[in-house]
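Taking it in order: structure first as structure tokens, then the write-up.
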């Protein structure tokens with residue numbers, strides 16, 4: 001029997017319908033959520049992402065500013081802009097599009113963003129809050145993964161979740177979020193000796209390693225939920241995930257495609273964080 005396909009586009013569209021109503025309700029209280037996106041240089045992929053974020057803000061009624069800076073902008077100039085945005089009442093969320101040019105220290109920039117406006121969830125304080133279970137803005141892709149699992153009707157509590165990949169952007173935070181949902185969590189990485197054996201025990205398998213079709217059906221327990229966070233361009237120009245989708249389709253119970261799985265959720269969760277930050281800034285219950 002073929003797995004149930006978890007369509008991120010469908011879930012994302014549903015969430016955006018809910019958010020349009022939420023933003024409209026906030027506007028009746030004179031609260032307009034605001035997002036500032038900062039783009040340094042002209043990386044083509046970054047330009048596309050920034051355009052998508054702008055479009056999403058328009059669609060939901062969120063106020064947005066895009067600051068497009070030259071590639072030779074100095075670190076001091078960028079820090080000055082962040083400082084201004086930190087103090088700007090109309091802005092609830094600040095996102096600096098990564099990667100930054102080599103001469104700018106990424107960590108210094110992330111650390112400079114006010115934790116209340118850290119809609120990427122990358123600030124060390126946000127990461128700390130996530131780890132100890134305090135309220136914080138959650139990193140967008142990991143939060144999107146949880147949302148996809150829940151909205152597919154899967155109960156996470158008590159399940160064994162195995163994560164392949166330990167990056168600060170996906171692997172580690174998704175592990176923390178699954179723990180928060182009362183899963184038992186195992187993290188595998190490049191030095192894990194018995195990865196296939198561990199993955200095969202997973203009720204929920206999350207893969208984020210950046211290697212096309214690296215995980216096939218040998219790693220998948222029959223009926224498991226398989227979430228593929230990877231996005232890789234193949235030599236023929238097509239996109240593929242870290243999971244060999246066709247090979248796992250009959251083994252898994254639920255599976256996300258690439259493209260159209262986790263991808264659409266990332267910007268949607270960014271919008272959700274911006275709305276949450278606006279509510280908190282105005283003392284409205286989240």
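Values in this text are rule-based calculations from the coordinates and carry no lab data. Note that the structure is a prediction, hence the values are computed from the model and not measured. When we count neighbours, we look across all protein chains shown, and the Cβ atoms used for this are built from the backbone with ideal geometry, even at glycine.
Computed values, structure above
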{"item": "GNM result for the chain, Cα springs below 10 Å: residue of 184, 141, 73 fluctuating most strongly", "result": "73"}
{"item": "Overall dimensions of the stretch 29-114 as given by Cα atoms, namely Rg and Dmax in Å", "result": "13.0, 43"}
{"item": "The stretch 13-61 versus the stretch 249-286: alpha-carbon centroid distance in Å", "result": "13"}
{"item": "Ordering of 207-214, 13-20 by packing [mean C-beta count within 10 Å, highest first]", "result": "207-214, 13-20"}
{"item": "Net lengthening on full extension, residue 70/residue 4 (0.36 nm per residue, minus Cα-Cα)", "result": "19.2 nm"}
{"item": "Gaussian network model of the chain, springs between alpha carbon atoms under 10 Å - residue of 171, 34, 51 with greatest fluctuation", "result": "51"}
{"item": "Near-label residues of the stretch 51-80 by backbone N, under 14 Å of a point 7 Å along Cα→Cβ of residue 90", "result": "62-67"}
{"item": "Ascending count of other beta-carbon atoms within 10 Å, so fewest first, for 272, 221, 27", "result": "27, 221, 272"}
{"item": "Projected-area mean, the stretch 161-286, by convex hull of Cα positions, square nanometres", "result": "8.9"}
{"item": "Percent of beta bridges antiparallel (DSSP, the chain, rounded to nearest 5)", "result": "5"}
{"item": "Principal axis dimensions, largest first and in whole angstrom, of the chain by Cα", "result": "52, 43, 36"}
{"item": "Proxy reagent accessibility, fewest Cβ within 10 Å first, across 152, 52", "result": "52, 152"}
{"item": "Full-extension gain in nm, residue 28 to residue 238, via 0.36 nm per residue minus C-alpha separation", "result": "71.1 nm"}
{"item": "Gaussian network model of the chain, springs between alpha carbon atoms under 10 Å - residue of 241, 93, 165 with greatest fluctuation", "result": "165"}
{"item": "log₁₀ of I(q)/I(0) at q = 0.26, 0.29 Å⁻¹ - the stretch 214-283, Debye sum with one point per alpha carbon", "result": "-1.08, -1.21"}
{"item": "Label-point gap, in nm, between residue 284 and residue 48 - each point 7 angstrom along Cα→Cβ", "result": "3.4"}
{"item": "Per-residue Cβ neighbour rank within 10 angstrom, fewest leading, 219, 245", "result": "245, 219"}
